[in-house]
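What follows is a set of notes on a single structure, which appears directly below.
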Amino acid sequence: MFKNLTRRTAKQGLQLTTPLANSAGPATGFGKGPQMRILTRLGAALAVTAALVTTTAGVAAAAAYPSDPFPEECNNKSGCVSGVVHWSNRSATVDVNLFDDRNAGSTTVVVDFYTANGYFGTDTRTANNERITGHPSKEGPVGGINKVVIWLKANIDGSFYYVGTFYRD
């Protein structure tokens, strides 16, 4: 069985007959592996540099999405809301801080999402005698969400208070 794997040559001593084992050539010394050629080292360095540039560009592109903060708005009936609208590829997320006054029932923040074709959907968060944070969001279709309208609803009488309209840049 071992006779098929090895052969002797007059000048080189014992040598493996598999093509992969002898690919390093006679430049390898005893106890040393194949020596990496300069072009291989250069190619590896260029590959690492390209990977770093690509990774850095990807992070920079992700950080380029806009955000629209809005100050605290109160409906003078039940509560207040403040927050930030975050835009991404196709979606929009609203980070809200919602406050509900203890004397007026609950307060709901209503976020309406729009695409180029019009109304797309609504997401809400409700506070009852407390201050909460929430993240109403919607992932849009191809083309994405391009407008967000925020309302504050006093649940004691069902009235809506307009907070603001935000457009994707």
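Key figures
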{"quantity": "Rh (Kirkwood; distinct C-alpha pairs) - the stretch 88-134, Å", "calculated": "12.1 Å"}
{"quantity": "Hz values of 3J(HN,Hα) by residue in the stretch 102-115 - Karplus curve (6.51, -1.76, 1.60), Gly and Pro given as x", "calculated": "5, 8, 10, x, 9, 10, 10, 9, 10, 10, 9, 10, 10, 10"}
{"quantity": "Long-range amide H partners of S106 with built H, under 5 Å", "calculated": "N155, I156"}
{"quantity": "Cα-only radius of gyration and Dmax that characterise the stretch 90-169, units Å", "calculated": "13.3, 44"}
{"quantity": "R168 - accessible surface, heavy atoms, 1.4 Å probe, Å² rounded to 10", "calculated": "70 Å²"}
{"quantity": "Calculated FRET efficiency for the pair V142/N103, C-beta based, R₀ 35 Å, to 0.05", "calculated": "0.15"}
{"quantity": "Value of D in µm² per second that Stokes-Einstein yields for the stretch 129-169, Kirkwood Rh from Cα pairs, at 10 °C (1.306 mPa s)", "calculated": "125 µm²/s"}
{"quantity": "Per-pair calculated FRET efficiency, R0 = 22 Å: N129 and R168 via Cβ, rounded to 0.05", "calculated": "0.05"}
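The values are calculated or read from the model by the stated rules, or taken from the named source; none is laboratory data. In this text the structure is predicted, and so the values were computed from the model without any measurement. Reconstructed Cβ throughout: ideal geometry from the backbone, glycine too, with neighbour counts over all protein chains shown. Calculation scope for accessible area: heavy atoms of the full protein, side chains included, ligands and nucleic acids excluded. Shrake-Rupley method; radii C 1.70, N 1.55, O 1.52, S 1.80 Å.
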